[in-house]
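Rule-based calculations on the coordinates, nothing more; no lab input. None of the values given here were measured: they were computed from a predicted structure. Because the Cβ atoms are built from the backbone with ideal geometry, glycine has one as well, and the counts that use them run over all protein chains shown.
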Amino acid sequence: MKPYSEASEQNKAPILAVLQREFANTTCVLEIGSGTGQHGVFFAAQLPQLHWHCSDLPENLAGIALWLQEFPRANLHGPYPLDVMQSPWPPQHFDGVFTANTTHIMHWPMVVRMFAGIGNLLAAGNTCCMYGPFNYHGQYTSESNARFDHWLKQRDPASGIRDVDELQTLARTAGLTLIRDHEMPVNNRTLVWQKLAP
């Protein structure tokens, strides 16, 4: 049975509206942490000019593959194994990266490695769109995010909602800069990072 995420169904249309703008000149996107595969199936269908490549930890690939097999498209690829701490990144040329709801699940060293990997992957002018809940200046943006962060840390003390200020420090080290910050439904954001010229 295919895995299913209600959150992916609920957030795919608002995210698409952002990606239509941010990936307007992009041709090949790597999705980090594809989860169930629902986002990949939807975005590949709605953005036919893009080649969308799904990736995730090896234990999640079988579920993603079921979605890709049921909804095959010429511009939908993968899933590829990608562990940001261990695995080599897929060898294709990518001029865009997308990741949703990953930074608060990953442990901090994994977030560090993900930013470094994105910086190494993208060429100057390329963009990464990062969706999820984020804090600003050490503060939650809503009571619901505070409750969610508490739940995350009860489940895994090394996880939690990340602060944009800390992410910007990682981004600078990786040669990335935050160029846009889109407000999204349910107290989420889409952060748009751009690779700087060397």
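What list do you get for TRP89, TRP108 if you sort them by fewest beta carbons within 10 Å?
Starting with the residue having the fewest Cβ neighbours, the order is TRP108, TRP89.
May I ask you to compute the full-extension gain from GLU59 to SER144, defined as 0.36 nm times their residue separation minus their alpha-carbon distance, rounded to one decimal in nm?
Going from the current span to full extension adds 27.6 nm.
Could you give each residue of the range 154-161 its phi-based ³J(HN,Hα) in whole Hz, using Karplus coefficients 6.51, -1.76, 1.60 with θ = phi - 60°, and x for Gly or Pro?
5, 6, 8, x, 8, 9, x, 5
Considering only the other residues whose Cβ falls under 13 Å of the Cβ of TRP89, what net charge follows from Lys and Arg at +1 and Asp and Glu at -1?
Taking every Cβ under 13 Å from that of TRP89, the sum is -2.
Around VAL97, which amide H atoms from residues at least 5 apart in sequence, or from another chain, sit under 5 Å from its own amide H, with H modelled in the peptide plane?
Sorted by chain and number, the residues that satisfy this are LEU30, THR127, CYS128, CYS129.
Could you go through the range 4-14 in sequence order and give the Karplus-derived ³J(HN,Hα) for each residue, using 6.51 cos²θ - 1.76 cosθ + 1.60 with θ = phi - 60°, rounded to whole Hz, and x for Gly and Pro?
Whole-Hz 3J(HN,Hα) from phi for the range 4-14: 9, 10, 5, 4, 4, 5, 6, 9, 5, 5, x.
With a 10 Å radius around each residue's Cβ, average the other Cβ atoms per peptide and rank 65-72, 38-45, highest first.
The densest-packed peptide leads the list: 38-45, 65-72.
Given the rule -39500 (n - 2.57) for each run of at least 4 DSSP H residues, summed and divided by the residues of the chain, what is its mean residue ellipticity at 222 nm, to the nearest 500 deg cm²/dmol?
Result for the chain, helices only: -11500 deg cm²/dmol.
For q values of 0.11, 0.14 Å⁻¹, compute log₁₀ I(q)/I(0) with the Debye formula on a Cα-only model of the range 6-195, without solvent.
-0.45, -0.75
Across the range 193-198, in residue order, what do the Karplus-derived ³J(HN,Hα) couplings come to in whole Hz, using 6.51 cos²θ - 1.76 cosθ + 1.60 with θ = phi - 60° and x for Gly and Pro?
9, 10, 6, 7, 5, x
Considering only DSSP beta bridges with both partners in the range 70-198, what is the antiparallel share in %, to the nearest 5?
Counting only bridges with both partners in the range 70-198, antiparallel ones make up about 70 percent.
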